[in-house]
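What follows draws every value from the coordinates through simple rules; no lab data is involved. Bear in mind the structure is a predicted one, so any value in this text is a computation, not a measurement. As a convention, Cβ positions derive from the backbone with ideal geometry for all residues, glycine included, and neighbour counts pool all protein chains shown.
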Amino acid sequence: MTNNSPAVAGTGGAPVDDSLAAERVVTHIERLIQAGQLKPGDRLPPERELALQIKISRPSVRAGLRWLAAVGIVEARHGAGSFITSGPPKLSTGPLSLMAALHGFTRDDMFDARRVLEVAAAALAAERATGDNLATMSEEVAGMFASLQEPQAFLVHDVRFHQAIAVASHSPVLAALVELVSTMNYERRRLTVERARDLKESAEMHRRIYSAIRDHDGDRARREMSEHLDLARMAQASEDVNEQPPPSAAPPENR
């Protein structure tokens, strides 16, 4: 019986299942990282070279690199190649978004997660923030005050501010989780932020959080973040209510 399965160059003619070949890419990169041969910011070998090293096809190399990008290990830079990510890992929101759709995560569920993560991040940032971290937070607060009449722009600065606090915690795992949850919050909030009632009050609360972190006051940072999230929860609940379409008018009675 003739086997018509395509052979992959460099494997001695034996066909390789695409999914298994992609797994070999992941395993290969993992081994290089664990051996200390690849570090954050390092450029990966070109696809052709990886294909020869692992003895698989270039499409399989691309599939493996896409998986590594989805879990925040690798990032592709247009025209430059693929690199090991530097800074906090960036987790894909896809799996969590799917779980949210499947199990019906509510706004309150997301705020419960934010409270656990972001209050802790604020306290750690008050202990560990560097001058560069503080400068980034300050820029985002200034951006909020500058965009009080532009809700969508305000929201971008808002999300970046919270992510900057997580980075300033200097806890890569915490920073990755905060970014994941804040990205999901952004995707939901951008649909309703135009109905926000008092962006100036929100900007002022962010300024107070920044001030506590700048003063290295962990207790105050924790307290200000907790209060901010409580009010943000109520504000977004109001936005969601306003988002609901008005009840249909009752049909006119037949006379």
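Any idea what the dipole of segment 18-84 comes to, in debye rounded to 20, about its Cα centre with Lys/Arg Cβ at +1 and Asp/Glu Cβ at -1?
Numbers: 10 positive and 7 negative charges, 25 e Å.
Here segment 18-84 has a charge dipole of around 120 debye.
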request  = Collect residues whose amide H, placed 1.01 Å from N in the peptide plane, falls under 5 Å from the amide H of Val74; neighbours closer than 5 in sequence don't count.
outcome  = Ala69, Thr85
Karplus-derived 3J(HN,Hα), 6.51/-1.76/1.60, for each residue of segment 30-45, Hz, glycine and proline x = 4, 5, 5, 5, 5, 7, x, 7, 10, 10, x, x, 6, 8, 6, x
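Magnitude of the Cβ-charge dipole of segment 94-238, K/R +1 and D/E -1, about the Cα centre, nearest 20 debye? Write down the numbers at each step before the final one.
On the way: 18 positive and 22 negative charges, 42 e Å.
Approximately 200 debye in magnitude.
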inquiry  = Positive end of the dipole of segment 94-238, charges at C-beta (+1 Lys, Arg; -1 Asp, Glu), about the Cα centre: which of His157, Ser226, Ala196 has its Cα farthest in that direction?
reply    = Ala196
query = What residue among Tyr210, Ala235, Val178 has its Cα farthest toward the positive end of the dipole of segment 94-238, where the charges are +1 on Lys, Arg and -1 on Asp, Glu, each on the Cβ?
reply = Ala235
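Given the Cα atoms of segment 94-238, and with Rh set as the inverse mean 1/r over their pairs in the Kirkwood sense, what is Rg to Rh to two decimals? Present the calculation step by step, with values, prior to reporting the outcome.
Numbers: Rg = 14.3 Å, Rh = 15.1 Å.
Here the Rg-to-Rh quotient is 0.95.
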query = Over what distance in Å are the Cα centres of segment 107-121 and segment 140-210 separated?
reply = 14
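So for segment 18-84, what are the equivalent ellipsoid semi-axes in whole Å, largest first, each being the square root of 5 times an eigenvalue of the Cα gyration tensor?
Working: eigenvalues 53, 36, 27 Å².
Calculated on Cα positions only, the semi-axes equal 16, 13, 12 Å.
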